[in-house]
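One structure is given here, and the rest of the page talks about it.
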Amino acid sequence: MELRQIEKTGTNEVKLTIAVTAEEFGRAVDAAIREKGKTLTVHGFRKGKAPKALIEKAYGREFFYQDAVNETYGVAYDMAVAEAKIVPVDRAEIALVDCSEEGYTLTATVTVKPEVSVKKYKGIKAEKIVTEVADSQVEGELAVMLERNARIIEVEDRPAQNGDQAEIDYEGFKDGVPFEGGKGEHFPLELGSGQFIPGFEDQVCGHNAGDEFDVNVSFPEDYPAEELKGAPVVFKCKLHSIKAKEMPVADDEFAKDVSEFDTIDELKADIKAKLQEKADAQSEAELEEKLVDAILTNMEAEIPECMYEARMEDIAADFENRLARTAGLTLDEYLKYTGADKETFFEGFKPQAERQVKIRLALEEIAKLEKIEMTEEEMNEEFKTLAERYEMKEEQVRKIVPAEELALDLCVEKAIKLVRDAAKVTEITAEEAAAKE
């Protein structure tokens, strides 16, 4: 293979002229004769049994040129890309210029990664909003734990009240006539939830298990069913059972039951520490976003549209995979339920895709400027970590994950850390931040 010419045909477009030598092409033609000859018929021989020389004589070498080109141009293109030191970001447009026993020449026109300039990325001034976890947040988290560990008990010694789970039969009547959709049996209703029309649950409260009673209410004026809008109705009800939550006491025994701690104070301290860790991580993430915004402000690049489109497709594919995994829906089913069309759906990812592409290009440029590289030891450690995370053998991970791509990802992570470490950060409270808005 010989890279004969590199021609810049556009802002981010390069045309490569590539020649495959007679020797390389000859070997490919011979291989094509042997392979395709298995399916060809030569007089006096069964299909695929004729000697190579007779197949060549019967059909001529030119008959196999296209197969030989198809088998070799991909390797020739990859070698030319490496020699030209370009990074394609789209599929190349390949054109065959000439082809003979002397070899062949082709051109490959391809969109390449753009040139990027980042003028300032060190010493960026930014404010970091720091948050101190309040005792009320700890108590709120503890209340969730208490709720999660509550027992459901049968109530027999008192009437129903808000917060109870009531099991009821009901049938609704308008002007003495049952109406459609107004009947239910052994329906579980959480009193005070607002699940039924206003006034219904309040009138269930005060009754005991086994009671039969009427509930008099009126449907809201904006109720969907035209015949029931604002209409006064009567529900004949029977209360089968009442169940209530029995909340545990927030004491040392509770702490022992739900955690590895012996006292409620230790549990609260752990809750506070975890909430603080989460708040700190959120503050750091918000700071990183501010730093990235500053980098993008100082970035210059003419980015080809195909890079945005490729990223949009990746984001959409990730969304579709999550959709199938979490909801069991295909993308077409999702679009049908939401009433959206595919074009609008994909366009919705464009702002996110554009931002991600710009960030990646800027950080790659910073890594390049700072000569950030991954050591062999760091790469080995990362492959080991990936293998443990996905419960795979390290050899399998190395086959699946290209080392060059992984190294670039890790260099990008180092680049953002460099920007963060070099930034001039001022810490302020959430109250101080709100006062500035």
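The values are calculated or read from the model by the stated rules, or taken from the named source; none is laboratory data. Everything numeric in this text was worked out from a predicted model, so none of it was measured. Virtual Cβ from ideal backbone geometry, glycine too; neighbours counted across all protein chains shown. Surface areas here come from the heavy atoms of the whole protein model, side chains and all, with no ligands, DNA or RNA. Shrake-Rupley method; radii C 1.70, N 1.55, O 1.52, S 1.80 Å.
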Residue list for the range 387-410, filter: touching a residue at least 24 places away in the same chain (Cβ under 8 Å) and of a type in the set (S, T, N, Q): none
Matching entry among Gly37, Gly10, Gly44, Gly60 (being open to solvent by less than 80 Å² (accessible area, probe 1.4 Å) and either at pLDDT 95 or above or within 24 Å of Ala310 (Cα to Cα) (or both)): Gly10
The one condition in (1) open to solvent by less than 80 Å² (accessible area, probe 1.4 Å); (2) in contact (Cβ under 8 Å) with a residue 12 or more places away in the chain that Glu185 fails to fulfil: (1)
Selection from the range 270-285 of residues that are open to solvent by less than 60 Å² (accessible area, probe 1.4 Å) and over 18 Å from Thr429 (Cβ atoms): Asp270, Ile271, Ala273
Flag if Thr17 is outside any helix (DSSP H, G or I), of a type in the set (Ser, Thr, Tyr) and open to solvent by 40 Å² or more (accessible area, probe 1.4 Å): no
Any helices (runs of 4 or more DSSP H) falling wholly within the range 279-375 and containing at least 3 residues that are out of contact with any Phe, Trp or Tyr (no Cβ under 7 Å at 6 or more places or on another chain) and modelled with pLDDT under 95: 305-327, 331-338, 342-347
Extreme residue, nearest to the chain's Cα centre (by Cα), among residues of the range 96-114 that are open to solvent by 60 Å² or more (accessible area, probe 1.4 Å) and in contact (Cβ under 8 Å) with a residue 40 or more places away in the chain: Lys113
Candidate set: the range 292-324, residues that are in contact with a helix residue (DSSP H, G or I) (Cβ under 7 Å, 6 or more places away or on another chain) and of a type in the set (D, E, K, R); chosen: the one surrounded by the fewest Cβ atoms within 10 Å (Cβ to Cβ): Glu320
Selected residue [under 30 Å from Ile303 (Cβ atoms) and either touching a Ser or Thr at 6+ places or on another chain (Cβ under 9 Å) or open to solvent by less than 70 Å² (accessible area, probe 1.4 Å) (or both)] from Ala28, Ala76, Ala50, Ala22: Ala76
Restricting the range 205-219 to residues that are among the acidic types (Asp, Glu) and part of a strand (DSSP E or B), the residue that is farthest from Gly181 (Cα to Cα): Glu212
Residues within the range 123-161 that are part of a loop (DSSP other than H, G, I, E, B) and within 27 Å of Glu431 (Cα to Cα), tallied: 6
Qualifying residue in the range 391-402 (condition: within 30 Å of Ser117 (Cα to Cα), open to solvent by less than 70 Å² (accessible area, probe 1.4 Å) and among the hydrophobic types (A, V, I, L, M, F, W, C)): yes
Flag for Phe235 being touching a residue at least 60 places away in the same chain (Cβ under 8 Å) and either over 30 Å from Ala415 (Cβ atoms) or loosely packed, with under 15 Cβ neighbours inside 10 Å (or both): yes
Contacts under 9 angstrom Cβ, first residue in the range 22-33 being touching a residue at least 40 places away in the same chain (Cβ under 8 Å), partner open to solvent by 20 Å² or more (accessible area, probe 1.4 Å) and among the small types (Gly, Ala, Ser), 6 or more apart: Ala22/Ser100; Phe25/Ser100
Residues of the range 220-252 satisfying the condition of being touching a helix residue (DSSP H, G or I) at 6+ places or on another chain (Cβ under 9 Å) and assigned to a helix (DSSP H, G or I): Asp252
Residue, most open to solvent (accessible area, probe 1.4 Å), within the range 368-390, restricted to residues that are closer than 30 Å to Val116 by Cα and β-branched (Val, Ile, Thr): Thr375
Of all residues making up the range 115-145, the number that are over 30 Å from Lys272 (Cβ atoms) and either touching a Lys or Arg at 6+ places or on another chain (Cβ under 7 Å) or crowded, with 17+ Cβ neighbours inside 10 Å (or both): 6
Residue in the range 151-182 that is modelled with the highest pLDDT, counting only those that are of a type in the set (Gly, Ala, Ser) and open to solvent by 50 Å² or more (accessible area, probe 1.4 Å): Gly176
